[in-house]
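The values are calculated or read from the model by the stated rules, or taken from the named source; none is laboratory data. All of these numbers come straight from a predicted model, not from anything done at the bench. Here Cβ is always computed from backbone atoms with ideal geometry, including for glycine, and neighbour counts include all displayed protein chains. Just the protein is used for accessible areas: all its heavy atoms, side chains included, with ligands, DNA and RNA removed. Shrake-Rupley method; radii C 1.70, N 1.55, O 1.52, S 1.80 Å.
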Amino acid sequence: MRILLVEDDPALSLGVARALEREGWQVDLLVDERQACAPGLIEQFDLAVLDLGLPGMDGMSVLRLWRSNGARLPVLLLTARDELRDRVAGLNAGADDYLVKPFDLSELIARLRALKRRAEGRVSETLQVGELLMDLDHRELSHRGEPVRLSPREFALTEMLMQRVGRVVGKEAIVARLSSWEADFSENSVEVYVHRLRKRFCSLGVAIRTVRGFGYVLEACEGMPADGIAHET
């Protein structure tokens with residue numbers, strides 16, 4: 001999950017970012033609300049955490065701008081305002097959840113997980129393709145109960161493919177999702193990681209099929225080719 005965090009308090013923003021990154025999520029931190037309003041920025045993220053008390057344009061105005069521009073991602077508001085009318089105003093402006101400062105990081109993480117599940121139409125923290133099972137809560141991948149060890153980037157790519165099983169995931173979307181892991185992440189890097197995952201999954205009944213000119217599709221396979229690789233189309 002790639003998260004946009006808009007918070008101008010240095011200590012709070014750093015603490016939140018580190019906590020979310022420990023969950024295996026990618027966090028892009030902005031302290032300037034004007035940057036958060038840049039055209040096309042918000043479409044790169046799965047979820048946003050937005051502080052209402054920003055120094056220039058307040059968070060409510062940023063949220064209204066996002067929604068007026070068609071942004072549909074879940075947004076959780078952070079604020080020191082705990083009155084009912086403030087919470088109602090935030091929800092009416094398009095927020096999906098509301099957390100009052102000071103808050104416990106474990107509650108923030110739980111709320112973000114719930115927002116992500118709701119956005120994806122899921123009721124649990126697990127994804128499954130064939131006998132490959134991903135536990136999003138504990139950041140674990142297993143096959144028939146045995147752990148499948150992946151690097152953080154491999155896990156993130158696998159999660160993205162499993163979330164869209166049977167559907168094409170474009171290279172550009174993968175680059176956008178994984179770009180915060182390393183500054184020079186490119187479409188060539190995507191090909192390298194897909195090749196690695198194909199080798200890992202070849203005996204697990206799961207294949208990554210290339211759709212030329214578009215991207216990749218993760219599929220459960222009843223019968224695998226002798227080389228264990230789904231052939232390109």
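Descriptive notes on the structure:
- Considering the range 153-169, and only residues there that are among the aliphatic types (A, V, I, L, M) and part of a helix (DSSP H, G or I), the residue that is nearest to Glu187 (Cα to Cα) turns out to be Leu157.
- Filtered by the rule that a residue be assigned to a helix (DSSP H, G or I) and either touching a strand residue (DSSP E or B) at 6+ places or on another chain (Cβ under 6 Å) or among the aliphatic types (A, V, I, L, M) (or both), the range 1-43 gives Ala11, Leu12, Ser13, Leu14, Val16, Ala17, Ala19, Leu20, Glu21, Ala36, Ile42.
- Residue pairs whose Cβ atoms lie under 9 Å apart, sitting 6 or more positions apart in sequence or on different chains, and linking a residue in the range 112-132 that is under 18 Å from Leu4 (Cβ atoms) and surrounded by 14 or more Cβ atoms within 10 Å (Cβ to Cβ) to a partner that is of a type in the set (Phe, Trp, Tyr) and at pLDDT below 90, are Leu112/Trp25.
- Within the range 9-24, the set of residues being at pLDDT 85 or above and out of contact with any helix residue (DSSP H, G or I) (no Cβ under 8 Å at 6 or more places or on another chain) comprises Asp9, Pro10, Ala11, Leu12, Ser13, Leu14, Ala17, Arg18, Glu21.
- Filter pass, Leu41 being over 23 Å from Met160 (Cβ atoms), among the hydrophobic types (A, V, I, L, M, F, W, C) and modelled with pLDDT of 85 or more: no
- Val169 vs. criteria modelled with pLDDT of 85 or more, closer than 17 Å to Arg2 by Cα and either touching a Lys or Arg at 6+ places or on another chain (Cβ under 8 Å) or not charged (D, E, K, R) (or both): yes
- Residue within the range 145-152 that is within 24 Å of Phe45 (Cβ to Cβ), in a loop (DSSP other than H, G, I, E, B), open to solvent by 50 Å² or more (accessible area, probe 1.4 Å) and modelled with pLDDT under 90 present: no
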